[in-house]
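Right, one structure below, let's go through it.
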Amino acid sequence: MTPPTPEEAGARAAARFAQGCTCAQAVLSVCAPALGVGEATAMRLASGLGAGLGGLRETCGAVTAMAAVIGLRKGPEAPMDPKAKAALYREVQAAIADFDAAFGTHACLALLRQASILKQRGEAPEARTPEYYAKRPCAAFVRFCAERAMR
């Protein structure tokens, strides 16, 4: 399978988010199949990463999935390769710095509060309604992370 271009990945991930995927599922399920991980496996793998890691509103799930995709693309297979591990960490850190430059933070709770969405850690997921999507900035985060992961 040919990997999607960054733009294709971003558009497809935003569409997946709009269809009910979590932020992390949207990014990972679009990017991972071309990198050797089946779509169903990617969906299950990412299912606990949404809403800032299992609803804790910590690191944005799209950002976490972006790091996973970068790992799939560029990560070392040998666990004892410190140079390759350091190179991967630099790549992930650069991607997160790009996200922070674009959106101000990579903390889920802070990102939502910037959009005047007052969430608490550990709240149950909301119903995915047109109103939910209208107020949420997450589609932009998903698009950015899928595009950046595939660069």
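Residues Leu45, Leu56: which one is open to solvent by 50 Å² or more (accessible area, probe 1.4 Å) and assigned to a loop (DSSP other than H, G, I, E, B)? First the steps, then the outcome.
Values: Leu45 fails: assigned to a loop (DSSP other than H, G, I, E, B).
Among Leu45, Leu56, only Leu56 is open to solvent by 50 Å² or more (accessible area, probe 1.4 Å) and assigned to a loop (DSSP other than H, G, I, E, B).
Taking the stretch 37-58 on its own, how many of its residues are touching a helix residue (DSSP H, G or I) at 6+ places or on another chain (Cβ under 7 Å) and either over 12 Å from Cys145 (Cβ atoms) or free of Cβ contacts under 8 Å to residues at least 24 places away in the same chain (or both)?
Number of matching residues: 12.
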| remark: Filter the stretch 69-90 for residues that are within 21 Å of Pro6 (Cβ to Cβ) and open to solvent by less than 40 Å² (accessible area, probe 1.4 Å); the one that is nearest to the chain's Cα centre (by Cα) is Val69
| request: May I ask you to verify whether Pro79 is without any contact (Cβ under 8 Å) to a residue 24 or more places away in the chain and farther than 17 Å from Phe17 by Cβ? | output: yes
| task | With the condition kept exactly as written, say whether any residue in the stretch 8-29 is open to solvent by 50 Å² or more (accessible area, probe 1.4 Å) and assigned to a loop (DSSP other than H, G, I, E, B). | result | yes
| said: Can you pull out every residue in the stretch 102-138 that is closer than 15 Å to Ala24 by Cα and open to solvent by 40 Å² or more (accessible area, probe 1.4 Å)? | reply: His106, Pro125
| query | Taking the condition out of contact with any Leu (no Cβ under 8 Å at 6 or more places or on another chain), among the hydroxyl-bearing types (Ser, Thr, Tyr) and part of a helix (DSSP H, G or I), does Thr64 pass? | reply | no
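The values are calculated or read from the model by the stated rules, or taken from the named source; none is laboratory data. Note that the structure is a prediction, hence the values are computed from the model and not measured. No Cβ is skipped: glycine too gets one built from the backbone with ideal geometry, and neighbour counts run over all protein chains shown. Accessible surface areas use protein heavy atoms only, side chains included; no ligands, DNA or RNA. Shrake-Rupley method; radii C 1.70, N 1.55, O 1.52, S 1.80 Å.
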